[in-house]
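S.K.: After the structure tokens below, expect a handful of questions from me.
The values are calculated or read from the model by the stated rules, or taken from the named source; none is laboratory data. Everything quoted here is computed from the prediction, not taken from an experiment. Using ideal geometry, Cβ is built from the backbone for each residue, glycine included, and neighbour counts are taken over all protein chains shown. What goes into the accessible areas is simple: the full protein's heavy atoms, side chains included, and nothing from ligands, DNA or RNA. Shrake-Rupley method; radii C 1.70, N 1.55, O 1.52, S 1.80 Å.
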Amino acid sequence: MRRVLAVLVLGLVLPCFASVASAAEAPAPVLIESSKASWPVAELDPAARSGVQLVGAKGQRYDVKFRLPEGAANGKPDWYLIKLDLRLRFAAQARGEWAVLGEMNGFTGARVDYSVEQGQATVSSLSLLGGRRTRTTDAAEVTEQFVNYAQDGGLIPGKVNVLTFRIEAEKAAGLTSVEVLPTSGLELTKAQPTEIGLGTPDKALVAAVGETIEVPFGLSRRGGHPDAPIDVELSPLRSGMSVVGESHQKFSAVGAGIRGKFVIKVESAGEYRVGVRALGSYNPAGGEITILAGPRGPDRVRWWLIVPVALVMLTFGLRQFLRHRKNKAEV
């Protein structure tokens, strides 16, 4: 009987010691220091040395803990980046929309979208490093690397932070595997995000029906990354207007600034809103211009004639009235 009790006691006590031992062996979250530019998940989390599989994981997500130094913030002096190095596999009949996200403390910093249909996957992303990118490839196996700046609100200095990789899906079926490769993780850079500014007229442009009108725009840039080609595009026009020449312009670089224009022909009277946007290796930038189109030819001239004729008649009538009063007073 004593032997049985001893076995029962050991059976209860040993798991407790095992859990305490495993907790004691769990590594403390790694401190991200500026001495290194790259912090892959393989170094941040021993369990992720071979990468992470999101399909089948609880909540289709994986969390990696790390610490940021006291006073950590974007641009002081380093900027924090989230890197996704992904490999996805889809079944032959897969169809739908998916996204793989990288988040710091719930703030999304990196996102890659996948649209799959008929064995083809369209992969799209937008970042302050690579701009907007879209490509189509075979859906059987899709690899993608993506890097973008972490949001300011996602940084908690001096405390434990959480880097999350997760999947979003909408009306989707057929995703068989999402591997977050061990080279995914965090990166540091001293280059601030590059931003493009696009300026358009604040006041409405006025044109007559049948005439052409110039829609001017200006581009500027700031940031710490190399200059790069950029496209400027005129939005599709509604009926009543047409483009004269190109609606899409390409520039090899922004440099100290760009001034350009689109030419539009007004075909009917009305109020129109025209959009201009910049596309390329930077943040999306755009503007909207209002165009007021009025009647042309005799219709427009008639309004210009009415005003001076009315002034002449008013002046003549006033003189006649004053002369009549003067004559009456003399009598």
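S.K.: Can you name every residue in region 79-97 that is open to solvent by less than 20 Å² (accessible area, probe 1.4 Å), hydrophobic (A, V, I, L, M, F, W, C) and closer than 30 Å to residue 66 by Cα?
M.R.: 81, 82, 84, 86, 88
S.K.: Against the conditions (1) open to solvent by less than 60 Å² (accessible area, probe 1.4 Å); (2) in contact with a strand residue (DSSP E or B) (Cβ under 8 Å, 6 or more places away or on another chain); (3) small (Gly, Ala, Ser), where does residue 75 fall short? Just the number, please.
M.R.: (2)
S.K.: Out of everything in region 241-269 that is farther than 14 Å from residue 227 by Cβ and assigned to a loop (DSSP other than H, G, I, E, B), what residue ends up being most open to solvent (accessible area, probe 1.4 Å)?
M.R.: In this case the residue turns out to be 246.
S.K.: Can residue 65 be described as out of contact with any Phe, Trp or Tyr (no Cβ under 7 Å at 6 or more places or on another chain), surrounded by fewer than 18 Cβ atoms within 10 Å (Cβ to Cβ) and part of a strand (DSSP E or B)?
M.R.: yes
S.K.: Follow-up question, since we're still on this one. Tell me which residues, restricted to region 219-233, are in contact with an Asp or Glu (Cβ under 9 Å, 6 or more places away or on another chain) and in a loop (DSSP other than H, G, I, E, B).
M.R.: 223
S.K.: Further question: Taking into account only those residues within region 128-187 that are of a type in the set (Lys, Arg) and touching a residue at least 12 places away in the same chain (Cβ under 8 Å), which is most open to solvent (accessible area, probe 1.4 Å)?
M.R.: That would be 171.
S.K.: A further question on this structure: Return yes when residue 236 is at pLDDT 90 or above and either open to solvent by 60 Å² or more (accessible area, probe 1.4 Å) or in a strand (DSSP E or B) (or both) and no when it is not.
M.R.: So residue 236 does not fit the description; no.
S.K.: Of all the residues that make up region 253-275, how many are more than 11 Å from residue 237 (Cα to Cα) and either aromatic (Phe, Trp, Tyr) or without any contact (Cβ under 8 Å) to a residue 12 or more places away in the chain (or both)?
M.R.: Matching residues across region 253-275 total 2.
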